Every structure is written in C-alpha cells, then in structure tokens.
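The values are calculated or read from the model by the stated rules, or taken from the named source; none is laboratory data. These figures come from a predicted structure and were not determined experimentally. So basically every Cβ, Gly included, is an ideal-geometry build from the backbone, and we count neighbours across all protein chains shown.
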Amino acid sequence: MAREPIPTEEYGNIRRLTWKGKPAAEAWYRDSAGARRRMLRTGPTPAQAERALKDALKDLFAVAASDLSPESTVSDLLERWWPEWLATEPAEQTVQTYESRRRQIDAGLGGVRLKECTVPRVDRFLKTIRQGKAHRTILRGAFGLAVRHGAMRANPMDNVASMPQKPRSARRGPQAPDADAVAAMLALFRAFDRSKDGRGAVRGTPLEDFGKIMFATGARTNEVLALTWADVDLEAAQPTVAIRATLIKDGQARQEYPKTENSERLLLLPPFAVEVLLRRRVEAYNEKVFPNTRGGWIQDANFRRRWWHKALEGSAHEGTVPKAFRKAVATLLADATDARTASRQLGNTEAVALKHYIQRLNEGPDATALLEAAFQTAGERGDQVSGQSGDQMET
C-alpha cells in the first residue's frame, strides 16, 4: 500500500543528524505547488538545530500563505493594511486623522521587521510619541492582519502599557461657563468685530454672530461653519436649523454628513438666533451662512487662532475654546431637563454628553428627614441622661 503523501505546506518527521561535523536537523516538506522538498538546518546543539528547522519551516509556510512574512517591515504591513481599513468606509475626517498618525508610526517603526516587533519595542515607541487612540487602533489593526497572515505569532498590542492617565488631581469633570460668562465673551467678540486691524480697517468679522449660533444650538464648530441657507428655515412657525454636514480637510470642503449617526438633527432656534440669521440672510451674497472674505469656507484653525483666541486675549476668559459654548448649552439643558435631552441637542449619546459636556456635581440622596429624626431622637435621649445625672447629684 502506497504511503500517504505529506499535505501541501506541511512537513514530515524531523530527523536529527550530523552535517559537516555540526549538529543538524532535516525534514521533507511539500511546497504550495505540491513539490516534495528537503530542508536542513544546523545549530550548536541537536535541539537548537531542530528548533531552527521548525522556525524556518514556519516562516516558509507563512510566506507561501501571504505576501507578508516575519521579514516584512512595518511599512510593508501598513501599506497592506491601509486599503483594507479604507474599505470599511470611515468618515473623511477620520481618514485625515489616521493618515497623519500612520505617517508618525511609519517614521518611528517603518524600518522595523515584523519579527522584531516585540512588546518592549512597540511599548517604547508609544512612550516616545504624544500618542492617542488612533495610534493604538492603527497598530492593533495592522498587527492583527500580520497575525492572521502568519507573519506574526501574537499581537504585541495585547500587552503594551495602557495609555497614560491624567493625574488624579487633574481628573475633573466637564467645566462649563455659565450664562453670565457666555454673555461676557459675546461682548468681547462684539468689540473685536468692531475693532480695527493693523491697516486701520474695521475687521467686520462674524465672531459675535458665530458665538450666538453656537450658544443657540450647542453644535460643533465645524457644523456651524458648514451651515448653508438651505439648512435654515426661518419661515416656519418655529424656525429651525438642520445640522447635517461638517467641514473637513481643514475647512476646504463640506462633508454632506456630520460626525456621527446621532449628529444629524433638526434644532429649534431661539429668537436671538433667528434675529442673527435674518440679518445675515439679507446681507448674504452666496449660499454659505458664514463665508470667508473670498466666499469660501472659514477654516477652523484660522478661526480659532486669528479671531476667537485673539478676541479673548488678556481677559478673564483667555484660553476658553469654542467647545466651552457646547458645554454651556449641555449643562443648561441638563439642569433644566435631563441628560438625555441635552445629548439630543448636542448630537451625542447620553454617555458621551455626561462624560465630556455636562458639568455636574455628584448629588447625594435626600436624607434630610432621616437625619433630622435621628438628631431629634439623640437629643431627647441626651436630655433624659442629663436629667438623670442631675437627680443623682442632688441626692
């Protein structure tokens, strides 16, 4: 009866021998084409020779199964992983962020071979950069691909240190400005809009109007900057604004859907916001609610650096970021109604709103009646004890 052939991409029994005076190990295997071949490896001892042979066979079959191998570099891996990740159709803003983080990883680990990507090496790299979740997501996904293709035995991201946490003293919940602080900042914005620039011309910036719409909606900066007149309905019985887009590519393009599924929403406008938008619509010369001087989109980075922060410079509110208005809206709504209502206004989940936007004090239960009763009972007992002691002293 004929001997059963070795399955493809597997090897048969390993035999130890001496080859040219050195301990060696050999085995027959079948390659991906089905051809029967022999492999031999030497080592300082028979056991080490056998281990070297097994490692070589494993690497060989990994190469046969994939174009990735332990000899591939992290750059090779990222090139292979990137199209697979793009196929999941991430948001354009996410692609921008990941592209930037991918370049950082490539600069720090690109030339390292996959077999050299140990937990200590990857951990050291993460500690040398200002890491965020995106770095870890990319590395975990890419190394996971390498494991699936047999180029790595385990994903080193499973055992690297967790992301650094803020010191306990710095772990504060969301800090939101109150209505008075918002009013003070709007006054500073108005003064900035009416001030003169270095050439002596009135700035005419829309900072106060922008701040009012931020406070009226609780929307994200790029959601407000992306508004067009098609998103605004001022003729309705209750005027509304539809948040259904955001600016991407540093304000160079409008993405026709917002950040998350929860972000697309229709918001009712308070009278002060309606007044702002009615005036701006009369003055409008294109479809954008907040166009720049050339009629294009206002870039978020320029908006913050050249207008927002400059207007608040030297005041008690210096350093306040636009997101603070979003926190103010969330906190006001949560205090007046509940966290779920606030999250719907912001276009977030309730959990995200509570974690990042709503300023809250941890409220204890209403134990006033129980504590009062305990206090009164203790007082009565104290009076009784005091009375008995007095009687004994008189006796």
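Here are a few things to note about the model shown:
- Considered as a group, the residues in the stretch 275-305 that are surrounded by fewer than 17 Cβ atoms within 10 Å (Cβ to Cβ) and among the β-branched types (Val, Ile, Thr) include one that is nearest to ARG344 (Cα to Cα), and that residue is VAL282.
- Subset of the stretch 315-332 [surrounded by 13 or more Cβ atoms within 10 Å (Cβ to Cβ) and not in a helix (DSSP H, G or I)]: SER315, HIS317, THR320, VAL321, PRO322
- Taking the stretch 1-32 as the range and being in contact with an Asp or Glu (Cβ under 8 Å, 6 or more places away or on another chain), among the small types (Gly, Ala, Ser) and surrounded by 14 or more Cβ atoms within 10 Å (Cβ to Cβ) as the test, only ALA25 passes.
- Test: residue in the stretch 323-333 that is of a type outside the set (Asp, Glu) and modelled with pLDDT under 90: no
- Scanning the stretch 212-245 for residues that are among the small types (Gly, Ala, Ser), under 16 Å from ILE298 (Cα atoms) and surrounded by fewer than 24 Cβ atoms within 10 Å (Cβ to Cβ) returns a single hit, ALA245.
- If you go through the stretch 60-99 and keep only what is among the polar types (S, T, N, Q) and either under 23 Å from ALA154 (Cα atoms) or in contact (Cβ under 8 Å) with a residue 24 or more places away in the chain (or both), you end up with SER66, SER69, SER72, THR73, SER75, GLN93, GLN96, THR97.
- Only listed residue being under 30 Å from ARG80 (Cα atoms), acidic (Asp, Glu) and in contact with a helix residue (DSSP H, G or I) (Cβ under 9 Å, 6 or more places away or on another chain), chosen from ASP178, ASP193, ASP158: ASP158
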